[in-house]
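The values are calculated or read from the model by the stated rules, or taken from the named source; none is laboratory data. These numbers were taken from a predicted model, which means no experiment stands behind them. A quick note on method: Cβ atoms are made from the backbone with ideal geometry, for glycine too, and the neighbour counts reach across all protein chains shown.
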Ligand code: 13P
């Protein structure tokens, strides 16, 4: 497997001036300012990120995309071609917050995956079970159903992010054993169903912080991290990126 990928997901945070200050600090940090690190910002700030990060090795990522691939009367939407046009390399698809608050399901997510791949970017399909689903022993069934969206881009490049919903923003991290078990199962499912090469990359997300990044990222089944809260601050994010860099 190639080196680990770290994507910081700012979620609905940021302002023009604060972004500029934070990006300036990140650019000065050699653990962050390198290939294999990306930042997912709100759509209105993507052009700002692309401009500030231009010439650096860091990648720009979008947090969502329209399921409509071609320009037209879709008020409020941002197409995959637009995201590619402003310089995005990755696009998060089906984050649990999109599933929870916007009711996103596989039909829309398949269309988004297709649109992103067709625009030449790499989709990051986010999957993960809720606490109730895990307590009912259904996590694999849920994840397997969520992975079915990948059939839309069979044979094309993509990344999967496993984010147990109960570990997002809660400070509750899945144990190393839980992470390894689910990651191995995701890799097996993807290989078996969607014909991916074994370079398939599965990121872990959910309360990844400076103090747990080493243990999580050193698992062979973990291809990187999708980092929420800790990506809004340079020191913690730098330590996570450093943990990933050690494994290059
Ligand atoms: P936290 O790292 O804040 O738990 O968020 C994880 C996440 O949802 C990243 O997409």
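Quick notes on this one:
- Which numbered condition residue 230 fails, given (1) within 26 Å of residue 105 (Cβ to Cβ); (2) within 14 Å of the ligand (Cβ to nearest atom); (3) under 15 Å from the mean Cα position of the chain (by Cα): (1)
- Extreme residue, nearest to the ligand (Cβ to nearest atom), among residues of the range 154-176 that are touching a residue at least 60 places away in the same chain (Cβ under 8 Å) and under 10 Å from the mean Cα position of the chain (by Cα): 163
- Answer residue from the range 84-111, given it is without any contact (Cβ under 8 Å) to a residue 40 or more places away in the chain and away from the ligand (no atom under 16 Å from the Cβ) and is surrounded by the most Cβ atoms within 10 Å (Cβ to Cβ) among those: 84
- The residue that is nearest to residue 142 (Cα to Cα), among those in the range 192-219 that are modelled with pLDDT under 95 and loosely packed, with under 14 Cβ neighbours inside 10 Å, is 192.
- Qualifying residue in the range 222-238 (condition: more than 30 Å from residue 21 (Cα to Cα) and at pLDDT 95 or above): yes
- Looking at 30, 18, just one residue is free of Cβ contacts under 8 Å to residues at least 12 places away in the same chain and either surrounded by 15 or more Cβ atoms within 10 Å (Cβ to Cβ) or assigned to a helix (DSSP H, G or I) (or both), and that residue is 18.
- Answer residue from the range 130-147, given it is in contact with a helix residue (DSSP H, G or I) (Cβ under 7 Å, 6 or more places away or on another chain) and over 30 Å from residue 84 (Cα atoms) and is surrounded by the fewest Cβ atoms within 10 Å (Cβ to Cβ) among those: 131
- Condition met for residue 189 (outside any loop (DSSP other than H, G, I, E, B), closer than 16 Å to residue 225 by Cα and either in contact with a strand residue (DSSP E or B) (Cβ under 8 Å, 6 or more places away or on another chain) or modelled with pLDDT under 95 (or both)): no
- Looking across the range 33-45, the residues that are out of contact with any strand residue (DSSP E or B) (no Cβ under 6 Å at 6 or more places or on another chain) and either free of Cβ contacts under 8 Å to residues at least 60 places away in the same chain or surrounded by 21 or more Cβ atoms within 10 Å (Cβ to Cβ) (or both) come down to 33, 35, 41, 42, 43, 44, 45.
- Verdict on residue 62 being surrounded by 15 or more Cβ atoms within 10 Å (Cβ to Cβ) and under 14 Å from the mean Cα position of the chain (by Cα): yes
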